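Okay, so here's the structure we're looking at.
Nothing in this text is a laboratory measurement; each read-out follows from the coordinates by a stated rule. Since we're looking at a predicted model, the values are computed, not measured. Cβ sites come from the backbone with ideal geometry, for glycine too, and all protein chains shown count toward neighbours.
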Amino acid sequence: MKSFYITTAIDYVNGSPHLGHAYEKVLTDVIARIRRMMGDRVHFLTGVDEHGQKVQQSARQRGVSPQQFSDEISAEFRALLPKLNISNDDFIRTTDERHKRVVRGLLQQLHDKGEIYKAEYQGFYSTRQEQFLQDKDRNPDGTWPEIYGEVTEITESNYFFKLKNYQDWLVRFLTENENFVFPKFRQKQVLEFLKEPLNDLCISRPKERLEWGIPLPFDEDFVTYVWFDALTNYYSAVVDRPGVWPADYHVIGKDILVPPHAVYWMIMLQACGLPLPKGIIAHGWWSINGAKMSKSTGNFVEPVGFVDQYGVDPLRYFVMREMSVGQDSDFSFSQFLARYNAELANNLGNLVNRTLNMTNRFAGGLIPAADEAGVPEKELQDLWKQVQAEVPQLWDGFQFNVALERTMAFVTATNAYIEKLAPWKLGKSAEPADQARLRTALATMAEALRLAAHLLEPVIPASATRIHAVLGYQPTDNWADKTQWSGRLQGNRVAESLVLFPRLQPPDSAAKS
RNA sequence: GCCAGGGUAGCUCAGUGGUAGAGCAGAGGACUCAUAAGCCUUUGGUCGCCGGUUCAAUCCCGGCCCCUGGCACCA
């Protein structure tokens with residue numbers, strides 16, 4: 001069986017992880033969990049990009065070796081994963097031997113095929129910044145900004161990859177596979193970009209200028225620069241695992257779609273004769289309180305600290321509930337608070353607790369068997385059938401925000417059902433008919449909760465598991481079966497109580513009241 | 001400048017060629033199992049602006065305005 005193979009972009013280890021990094025992991029994780037739940041054999045890869053000039057510079061500034069520097073920052077990124085409850089199967093570092101070996105292999109192969117050639121590159125070079133400058137780096141009056149120091153025109157030999165030759169092929173491929181990039185408008189952006197002629201891609205740096213990289217196998221005086229190093233991770237990580245490549249989805253930020261993933265990576269694979277990924281998902285960016293994320297202004301969400309304070313699942317829920325995949329979204333604490341209290345605490349969490357409470361109070365803590373379903377039960381069951389059919393379709397279309405909305409609507413309907421039955425009144429009656437209705441009500445609310453938790457599982461896995469646990473329920477791994485309305489909870493002993501999402505107070509309300 | 005996305009109730013957004021929808025917030029009510037939660041009812045919008053097509057446009061076409069992002073060997 002072919003694996004479902006999904007990847008995140010690898011993070012560049014030149015700073016600490018922020019909300020954007022966390023979001024991409026969570027989004028990919030949600031998809032991975034959904035596919036596992038649906039029975040696919042999933043392989044989920046994430047990792048870090050460790051080579052390059054900025055890492056070399058940062059290491060030098062701190063007076064440590066590049067390896068030591070990236071060891072430290074990589075550990076920080078790696079630590080984020082369990083914190084976010086990410087279910088990745090592998091974690092790749094571009095400094096891994098397994099990676100370097102594959103990169104060098106591909107480069108050698110392309111060199112042998114004549115896809116890589118050496119040429120001279122002429123341009124303006126800033127010694128202070130150790131980089132070539134573009135015309136757009138100039139001041140409006142044509143001079144170079146102060147930060148570059150002395151700028152001189154120099155000539156440098158480098159290796160180039162023949163991108164140009166594949167432009168027509170790529171245009172044809174994207175035209176024939178119109179849903180290759182999600183969302184669709186991003187695909188248009190790629191084709192727009194390809195209307196201009198491509199240039200060949202410079203893939204090397206001389207070692208005297210940059211030594212923190214993978215040496216070219218055919219010329220050890222150079223290291224390969226950025227794209228052959230970074231993009232190849234998706235392939236190098238699974239080269240020894242038969243049946244995994246090609247990737248089903250690369251999940252990336254919109255900033256690295258064009259040209260790296262949609263152009264360079266596709267052409268690299270094609271030139272190497274390797275199968276192409278089946279799709280690319282380009283997600284949007286988070287702003288914080290309506291403004292661009294920025295460390296210098298403190299407009300920044302630090303995921304580890306946030307999780308420590310509010311929990312993993314609330315963060316996961318918020319980013320999936322709030323963002324329409326592909327669009328940008330805003331993160332504000334007040335919006336987080338509103339979602340948290342309204343949907344997680346009041347709607348879902350409170351339903352869990354009142355269900356446990358009533359089962360304990362009116363049925364001795366054992367979930368009763370339901371009598372024959374009346375009108376209210378049938379209505380709720382019909383709604384479940386709708387939601388159960390609709391949510392997986394929404395998942396397929398990456399509309400996780402809508403899927404969560406529908407799931408929560410089912411939770412709301414369950415709360416409304418409880419009001420209609422009013423078990424607390426039935427519990428005071430000795431009439432056999434009322435007792436039967438009471439048993440039915442308790443069984444129905446527990447069953448509804450069990451089912452809803454299954455739809456929430458990919459997004460808030462730990463909480464879903466806790467809900468199932470307090471219902472005395474052990475899920476099986478047959479999706480179609482376990483999402484059927486049933487009486488399988490009958491006789492289970494429930495927990496005494498559970499405050500799943502403690503209600504949060506707005507920061508400034510404590511003083512007032 | 002070019003390209004793309006967006007401009008719909010106080011807020012976040014959904015939506016369709018035929019009297020505008022949801023959630024949250026606000027207001028009122030009945031209830032009490034529960035995290036002062038839940039449920040019911042309800043206030044609220046010239047659907048960015050101007051034209052056009054149409055019996056009929058928020059949805060189609062043209063123009064304009066505003067916000068956001070991208071514009072290559074910089075990551």
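Before moving on, here are some points about what is shown:
- Note, ³J(HN,Hα) from phi for the range A:443-453, Karplus 6.51, -1.76, 1.60, rounded to Hz, x at Gly and Pro: 5, 5, 5, 5, 5, 4, 5, 4, 5, 4, 4
- Kirkwood Rh (inverse of mean 1/r, distinct Cα pairs), the range A:332-482, angstrom: 16.1
- Considering chain A, its Cα convex hull presents a mean projected area of 29.0 nm².
- Distance between the pseudo-spin-label points of residue A:396 and residue A:416 (7 Å out from Cα toward the beta carbon): 2.8 nm.
- The range A:119-259: C-alpha gyration tensor shape, a/c 1.5 cut-off, then a/b vs b/c: oblate
- On Cα atoms only, tilt of A:97-112 relative to the major axis of chain A in degrees: 50
- Nonlocal amide H pairs with residue A:131, under 5 Å, H built at 1.01 Å: A:126
- 5 angstrom amide H check on residue A:325, placed H, neighbours 5+ away: A:400, A:401
- The Cα trace of the range A:418-513 gives Rg and Dmax of 17.0, 51 Å, the first to one decimal, the second as a whole number.
- Amide proton proximity set for residue A:90, modelled H, under 5 Å, gap of 5+: A:44, A:46
- Label sites at residue A:175 and residue A:385, each approximated as a point 7 angstrom past Cα along Cα to Cβ, lie 4.7 nm apart.
- Straight-line cross-link partners of residue A:385 among the lysines, defined as a Cα under 26 Å from its Cα and at least 8 positions apart when in the same chain: A:420, A:482.
- Helix-only CD estimate at 222 nm, as mean residue ellipticity for chain A, using -39500 (n - 2.57) per DSSP H run (n ≥ 4): -13500 deg cm²/dmol
- Rh (Kirkwood; distinct C-alpha pairs) - the range A:1-87, Å: 14.1
- Packing order of peptides A:145-154, A:92-101, highest average first: A:92-101, A:145-154 (average count of other Cβ atoms within 10 Å over each peptide's residues).
- Subset of A:100/A:278; A:118/A:254; A:25/A:292; A:118/A:164; A:118/A:188; A:254/A:278 violating a 22 Å alpha-carbon distance limit: A:100/A:278; A:118/A:254; A:118/A:188
- The fraction of Cα-Cα pairs per 10 angstrom bin, counted from 0 for the range A:54-119, comes to 17, 30, 31, 19, 3 percent, rounded to whole percents.
- In Hz, Karplus ³J(HN,Hα) per residue of the range A:361-367 (6.51, -1.76, 1.60; θ = phi - 60°; x = Gly, Pro): 6, 9, 9, x, x, 10, 5
- A Förster radius of 30 Å, combined with the Cβ-Cβ distance separating residue A:120 from residue A:60, puts the computed FRET efficiency at roughly 0.60.
- Relative contact order of chain A, taken over Cα pairs closer than 8 Å and 6 or more residues apart, is 15 percent.
- Given R0 = 56 Å, the distance between the Cβ atoms of residue A:153 and residue A:369 translates into a calculated FRET efficiency of 0.10.
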